[in-house]
Amino acid sequence: MLAKHFFLLFLGCMALIPTSSFGSDTVTITINKQAFEEYQRLMAVFDNDPLKVDRIPSEFNHRSTIDAIILTKALKLGGLDSPPEFIPVTNARRETEEVAAGRAVMAAHQLNYRTVDVPEYKNVFYMSAPIARHGEFVKGFFCLQTNEQLLQATSAQDINRMTGIIGQHWDNDAAVLKDMGITNVIRAPTIESMVKMVSAGRADWIPLEFPDNDRLEITLFAYRLVPVPGIKFSLIESRHFLVSKKHPLGKKAFEALQKGIKGLRKKGFIEQALIAAGFFNPRTKSWKTLNQDALDQGRPAAKE
């Protein structure tokens, strides 16, 4: 009887031993609601195992979805065995605020340093190794295929003669465009409103990443947009995942993330994913980068 008592006690103690370095705690990740729905559909294709995702099917090339894939693959590769818990939210700002407050461990989207280099975010984040490295996030000037005047543009001056439209919080886009001398730009709250304003003739172009297809065309809300051929620009930034310093799991999650990013970089998956997401596109490699001088001046001396 005594032996049985000690055996049951032993089993109870064993149940309390964590199966991984994270114990029974769950890493929470904020994510855009629409991206989460697409992420779930993509994961279903690969048996809900991030490590089985070895390619990005073309129907799942939304940038936020691919960010989530990179993040979950990196965490599992870095030693996080238990699945994370996603917290769907309405927008990127809410994703960041939840992490800053310590109510979530991390956010499932990349951000540039400028976004978090503000007083209210001081010392609240761990910043991962870069996912999109300096200068890799490249955009084109997308317009309706009927905009013949804009499609003949070859310089920043030509682009500035037409009206551009960007998101309400696309501050880095605005700063980079301004440095290029492109100031004829208005803002709108959502990508849908931006597209509708272009379709209505109230704006001419939107700065967007190049899709992973041969024609480089994007269809948004039933409107087909094409890039001005031969020219592009770089956002002159690197982009990173942010992890909460306030959350008790933050440090361990950050260490797993860093380890996993290194492994994914070595395997070539990050480059593959960034191409699928449109951060850079081999099809536009020979196109002129309108802010090449600024890009060269801001390039880090050492490889990130």
Next on the checklist: From the list 129, 44, exactly one residue is farther than 20 Å from residue 172 by Cα and either outside any helix (DSSP H, G or I) or not acidic (Asp, Glu) (or both). Which is it?
Outcome noted: 44
Item to check | Selection count where residues are more than 14 Å from the chain's Cα centre (by Cα) and either closer than 22 Å to residue 278 by Cα or among the acidic types (Asp, Glu) (or both), scope segment 80-128 | outcome: 7
Checklist entry - In segment 213-245, which residues are crowded, with 18+ Cβ neighbours inside 10 Å and farther than 19 Å from residue 150 by Cα? => result 234, 235, 236, 237, 238, 239, 240, 241, 242, 243, 244
Next on the checklist: Checking residue 149 against (1) within 30 Å of residue 57 (Cβ to Cβ); (2) without any contact (Cβ under 8 Å) to a residue 40 or more places away in the chain: exactly one of these is not met. Which one?
Outcome noted: (1)
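Go through segment 63-79 residue by residue and tally those that are under 18 Å from the mean Cα position of the chain (by Cα), over 24 Å from residue 139 (Cα atoms) and not basic (Lys, Arg). Quick ask: steps written out before the conclusion?
Residues of segment 63-79 under 18 Å from the mean Cα position of the chain (by Cα): 63-75.
Retained after the next criterion (residues that are over 24 Å from residue 139 (Cα atoms)): 72-75.
Filter once more, keeping what is not basic (Lys, Arg): 72, 74-75.
Residues meeting the conditions: 3.
Please verify whether residue 161 is touching a Lys or Arg at 6+ places or on another chain (Cβ under 9 Å) and at pLDDT 95 or above, treating the condition exactly as stated.
Working: touching a Lys or Arg at 6+ places or on another chain (Cβ under 9 Å): no; at pLDDT 95 or above: yes.
Answer is no for this residue.
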Item to check | Residue match in segment 17-24 (condition: assigned by TED's automatic domain parsing to the domain that holds residue 251, surrounded by 13 or more Cβ atoms within 10 Å (Cβ to Cβ) and either at pLDDT 90 or above or not in a loop (DSSP other than H, G, I, E, B) (or both)) | outcome: no
Checklist entry - Among the helices (runs of 4 or more DSSP H) confined wholly to segment 151-264, which include 2 or more residues that are closer than 24 Å to residue 92 by Cβ? => result 171-179, 191-199
Next on the checklist: I need the full set of residues from segment 64-80 which are surrounded by fewer than 19 Cβ atoms within 10 Å (Cβ to Cβ) and part of a helix (DSSP H, G or I), in order please.
Outcome noted: 76
Checklist entry - Quick check: is even one residue across segment 35-57 surrounded by fewer than 21 Cβ atoms within 10 Å (Cβ to Cβ), within 21 Å of residue 208 (Cα to Cα) and free of Cβ contacts under 8 Å to residues at least 24 places away in the same chain? => result yes
Item to check | Conditions (1) among the small types (Gly, Ala, Ser); (2) farther than 19 Å from residue 246 by Cβ; (3) surrounded by 18 or more Cβ atoms within 10 Å (Cβ to Cβ); number of the one not met by residue 107 | outcome: (2)
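The values are calculated or read from the model by the stated rules, or taken from the named source; none is laboratory data. If you're wondering where the values come from, they're calculated on a predicted model, not measured in any experiment. With ideal geometry, Cβ positions are generated from the backbone for all residues, glycine too; neighbour counts draw on all protein chains shown.
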